[in-house]
Amino acid sequence: MSEGAAIDDVLVVGSGIIGIACAHYLNQAGLKVTVIDRATIGSGCSHGNCGYICPSHVLPLTEPGAISTAFKSLFQPRSPFRVQPRFSPALWNWMWQFARRCHHAQMLSAGRHLQAILDSSLQEYRRLIAETALECEWTENGLLYVLQTSHGMAEFAKTDRLLTTEFGVQARRFEGSELTTLEPALKPGLAGAFHYPGDISIRPDLLNANWAQWLQQSGVKFVENCELVSLRRTAGAISSLLTSQGELRADRVVFATGALSARLSETLNCRIPIEPGKGYSVTMTRPRICPRYPMLFPEHRVGVSPFKTGYRLGSMMEFAGFNTSIPDHRIQQLRDSARPYLLEPFADGELERWYGWRPMTWDSLPIIGRVPRLANAYLATGHNMLGVSLATATGRLIRELLLKETPHIDPVAFSPNRFL
Ligand SMILES: Cc1cc2nc3c(=O)[nH]c(=O)nc-3n(C[C@H](O)[C@H](O)[C@H](O)COP(=O)(O)OP(=O)(O)OC[C@H]3O[C@@H](n4cnc5c(N)ncnc54)[C@H](O)[C@@H]3O)c2cc1C
């Protein structure tokens, strides 16, 4: 199918939050959409994450101090941010490109692009929830960053000032003495907190399942356990996809394959520099004194997500390849990290231990746009630590690019062409 021909069918590869969002916007445009996944719907990195939709997270990982943190982690196997020393030219090139971008000007530039897509995504989520009434534990409590020490408070105050002056993101500052009234689950004696009221939280597995179900009822077809193995090309376009369940054809193909996307580089004849950034979570029954607010503890780099029927601690960033283990010490570390802050940092009933590979790009920006040398193929991947937060605007942008509508945000910074 040539680029100019009318579009009928679209195939989305990958049913994480990004694939689901792309399917939604394409379906809304009247296209016939099929989503395939090598596993089950929403079972990748989109399953057990912290569930924050956080416009306050405009600052990219490529910040001035990041590279020294990464270097120190080579010698600290238990660091929450860890690069496992191993021979991998792709990883070392990724690290080199990442390191080149860890300076103030680049941080602000990436932050502005992130802010555009974060803000748009939140607006799109609000519309989605209003229109579909999806049950996903949508909670408008903001996000509370809690600091244990006065040094931590002073350091975070600098970040907060940057967020306000450069991005207009406003927080309310609370001193230590005010905290237990604000959040009775916190221990007395903490230094203080910053509350970002514009952030939202949801329960990720509920959002994936209920959104996919809603789409199925609206005519989107989901095919689980269907792995894309390779593809056939004719005249600069994909003519068919070879999958574990046979050959499939579509007019357009969207690859929303998360951290596994780099494996498609050769097949798509396109550079996709994504490394898996492995994180962990542990989900428990709700402790007796369960937090009211979703919280982050920046000094220990752990996130707390209270759900209606559970409670999750999540964190870590390991560059260790496609490693699938869940070591006991990492789960223990999550629990220990929450201990200085919470009266009841965990509950007895452990429901799930989980890992996910975040799709990490070296410039902290997602990759959204047409594959350079293939007329009918699009990438929607590389959402780093923000896939949930960025999903809806990504889906909308994919629809706009695919249908040649005017994009609602500038797509240039997200284009796959930046890696040519
Ligand atoms: C601990 C932790 C906490 C996090 N917290 C947050 C948060 O609070 N807020 C936030 O915004 N983000 C958060 N994230 C990041 C977020 O989870 C990811 O950015 C997001 O899930 C990426 O979504 P995705 O759809 O691109 O990838 P995935 O969910 O991994 O989906 C990709 C899908 O593609 C499928 N696939 C891959 N290759 C093929 C193939 N060849 N054939 C068929 N199917 C294929 C996979 O099976 C998978 O289902 C967190 C991540 C972690 C690890």
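Okay, here's what the table says:
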| read-out | value |
| --- | --- |
| Of every Cα-Cα pair in the stretch 357-415, the percent that sits beyond 14 Å | 53 percent |
| The stretch 273-321 versus the stretch 193-233: alpha-carbon centroid distance in Å | 19 Å |
| Contact order relative to length of the stretch 172-229, as percent, for alpha carbon pairs under 8 angstrom and 6 or more apart | 26 percent |
| Reachable lysines from residue 404, criterion Cα separation under 22 angstrom, eight or more residues apart if same chain | 32 |
| Gain on full stretching of the segment that runs from residue 180 to residue 244 - 0.36 nm per residue minus C-alpha separation | 17.6 nm |
| Convex hull volume per residue for the stretch 227-357, taking Cα atoms only, in Å³ | 156 Å³ |
| Residue with peak Gaussian network fluctuation, the chain [Cα springs, cutoff 10 Å], from 195, 151, 57 | 151 |
| Trypsin sites (Lys or Arg not before Pro) within the stretch 160-252: DSSP coil, no more than 11 neighbouring Cβ in 10 Å | none |
| Largest-first principal axis extents, alpha carbons of the stretch 130-214, Å | 47, 32, 17 |
| The chain: calculated mean residue ellipticity at 222 nm from DSSP helix runs of at least 4, using -39500 (n - 2.57) | -9500 deg cm²/dmol |
| Filtered chymotrypsin sites (Phe, Trp or Tyr not before Pro), the stretch 41-149: DSSP coil and at most 12 other beta carbons within 10 Å | 75, 87 |
| Largest-first ellipsoid semi-axes for the chain, taking √(5λ) over the Cα gyration tensor eigenvalues, angstrom | 35, 23, 21 |
| Over the stretch 97-170: Rg over Rh, Cα atoms, Kirkwood Rh | 1.07 |
| Cα-based reach from residue 308 at 24 Å (exclusive), listing lysines while leaving out same-chain residues under 8 positions away | 187 |
| Cα→Cβ-extended label distance, 7 Å offset, between residue 104 and residue 269, nm | 4.5 nm |
| GNM result for the chain, Cα springs below 10 Å: residue of 281, 109, 43 fluctuating most strongly | 109 |
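A short reminder: the numbers here are calculations on the coordinates, not readings from a lab. Remember, it's a predicted structure, so these values are computed and weren't measured experimentally. Cβ atoms come from the backbone with ideal geometry, glycine included; neighbour counts cover every protein chain shown.
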